[in-house]
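The values are calculated or read from the model by the stated rules, or taken from the named source; none is laboratory data. Nothing here was measured: the structure is a model prediction, and the numbers come from that model. Because the Cβ atoms are built from the backbone with ideal geometry, glycine has one as well, and the counts that use them run over all protein chains shown. Side chains are part of the model used for accessible areas, which takes the heavy atoms of the whole protein and leaves out ligands, DNA and RNA. Shrake-Rupley method; radii C 1.70, N 1.55, O 1.52, S 1.80 Å.
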Amino acid sequence: MAGVGGAAFGPSALGTKPHWDAAYERELRFFQDTGDAGEIWFGEESMVRVIRWLEKQKVPHDSPVLDIGTGNGVLLVELAKSGYTNLTGIDYSPSAIKLSEKVREKEGMSNIKLQVEDFLAPSAELSGFQICIDKGTFDAISLNPDNAVGKRKQYVRSLRNVLKPEGFFLITSCNWTKEELLEEFREGFEILEELPTPKFCFGGRIGNSVTALVFQRKE
């Protein structure tokens with residue numbers, strides 16, 4: 001939960017590729033059996049929050065958008081339904097990309113580009129995006145048992161490489177507070193806005209279970 005602090009989260013299988021390969025293999029089988037795309041990370045409201053912000057900023061519909069760790073690709077489908085036309089989703093799990101391809105096909109959104117990519121070692125052609133979106137991928141990387149600190153730093157370097165100067169980065173996290181994310185992304189990024197997220201009350205204190213921020217890449 002945001003507010004506990006990313007540093008309080010220890011290594012976990014949730015930060016490993018084998019975990020996500022197995023998870024998306026199960027979700028792929030489930031989709032083939034039922035037609036259900038599976039879980040939406042942070043719920044449908046998290047997708048609405050992103051789309052509303054893009055529309056509020058009047059981001060052109062043909063702006064190149066990258067979904068980092070696309071999973072089942074449902075966010076990209078919703079963006080396409082909202083009129084966005086230059087959409088790319090990446091995931092380091094081949095099973096996730098197979099699932100997102102099935103979802104794309106079911107929804108008739110053939111213009112969504114999907115590819116297997118490890119964001120910590122992106123291919124040279126992965127660049128020039130105006131918008132990058134992360135719903136939970138940075139969280140997962142932060143739980144990796146193998147040098148999570150180094151991987152977080154590599155994530156920030158990769159983000160600087162793929163995002164255009166003055167491009168926007170929208171991140172949704174349940175592991176990191178606003179202050180911690182500001183520290184993590186201080187190199188090359190500045191905070192633009194904190195987006196409203198659900199609040200909870202515990203022991204007389206009010207907090208957020210999720211943190212959603214918009215950064216802009218500096219020149």
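Scanning region 167-182 for residues that are surrounded by 23 or more Cβ atoms within 10 Å (Cβ to Cβ) and β-branched (Val, Ile, Thr) returns Ile171, Thr172. Quick check on region 30-47. Is at least one of its residues in contact with a Ser or Thr (Cβ under 9 Å, 6 or more places away or on another chain), of a type outside the set (Ser, Thr, Tyr), under 28 Å from Phe215 (Cβ atoms) and surrounded by 23 or more Cβ atoms within 10 Å (Cβ to Cβ)? No.
Of all residues in region 189-198, one or more are in a loop (DSSP other than H, G, I, E, B), of a type outside the set (Ser, Thr, Tyr), at pLDDT below 95 and open to solvent by less than 70 Å² (accessible area, probe 1.4 Å). Can Lys58 be described as open to solvent by 20 Å² or more (accessible area, probe 1.4 Å), outside any loop (DSSP other than H, G, I, E, B) and not aliphatic (A, V, I, L, M)? It is false that Lys58 is open to solvent by 20 Å² or more (accessible area, probe 1.4 Å), outside any loop (DSSP other than H, G, I, E, B) and not aliphatic (A, V, I, L, M).
If you check Lys135 against the conditions, is it under 16 Å from the mean Cα position of the chain (by Cα), modelled with pLDDT under 95 and of a type outside the set (A, V, I, L, M, F, W, C)? Talk me through it step by step, then tell me what you get.
Details: under 16 Å from the mean Cα position of the chain (by Cα): yes; modelled with pLDDT under 95: yes; of a type outside the set (A, V, I, L, M, F, W, C): yes.
Judged against the criteria, Lys135 is a match.
Among the residues of region 84-91, are any open to solvent by 70 Å² or more (accessible area, probe 1.4 Å), in a helix (DSSP H, G or I) and free of Cβ contacts under 8 Å to residues at least 40 places away in the same chain? There is no residue in region 84-91 that is open to solvent by 70 Å² or more (accessible area, probe 1.4 Å), in a helix (DSSP H, G or I) and free of Cβ contacts under 8 Å to residues at least 40 places away in the same chain.
Quickly run through region 142-200 and pick out the residues that are among the charged types (D, E, K, R) and farther than 23 Å from Asp118 by Cα. Write out each step before concluding.
Taking region 142-200 and keeping what is among the charged types (D, E, K, R), we get 146, 151-153, 157, 160, 164, 166, 178-180, 183-184, 186-187, 190, 193-194, 199.
Hits for region 142-200 are Glu166, Lys178, Glu179, Glu180, Glu183, Glu190, Glu193, Glu194, Lys199.
Rundown of residues vs (1) modelled with pLDDT under 95; (2) basic (Lys, Arg); (3) more than 19 Å from Glu187 (Cα to Cα), yes/no style:
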| position | (1), (2), (3) |
| --- | --- |
| Ile97 | no, no, yes |
| Lys102 | yes, yes, yes |
| Lys113 | no, yes, yes |
| Val116 | no, no, yes |
| Asp139 | yes, no, no |
| Ser158 | no, no, no |
| Lys164 | no, yes, no |
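Just so you know, in region 99-139 the residues that are surrounded by 20 or more Cβ atoms within 10 Å (Cβ to Cβ) and out of contact with any strand residue (DSSP E or B) (no Cβ under 8 Å at 6 or more places or on another chain) include one that is nearest to Met47 (Cα to Cα), and it is Val103. Here are the criteria: (1) open to solvent by 30 Å² or more (accessible area, probe 1.4 Å); (2) among the hydrophobic types (A, V, I, L, M, F, W, C); (3) modelled with pLDDT of 95 or more. Tell me which single one Trp20 does not satisfy. So the condition that Trp20 fails would be (3). For region 140-153, a residue qualifies if it is aliphatic (A, V, I, L, M) and either open to solvent by less than 50 Å² (accessible area, probe 1.4 Å) or closer than 19 Å to Phe215 by Cα (or both), and the qualifying residues are Ala140, Ile141, Leu143, Ala148. Taking every residue in region 45-70 that is under 17 Å from Glu193 (Cα atoms) and pairing it with any residue that is polar (S, T, N, Q) and outside any loop (DSSP other than H, G, I, E, B), at least 6 positions away or on another chain, the pairs with Cβ-Cβ distances below 6 Å are Ser46/Thr172.
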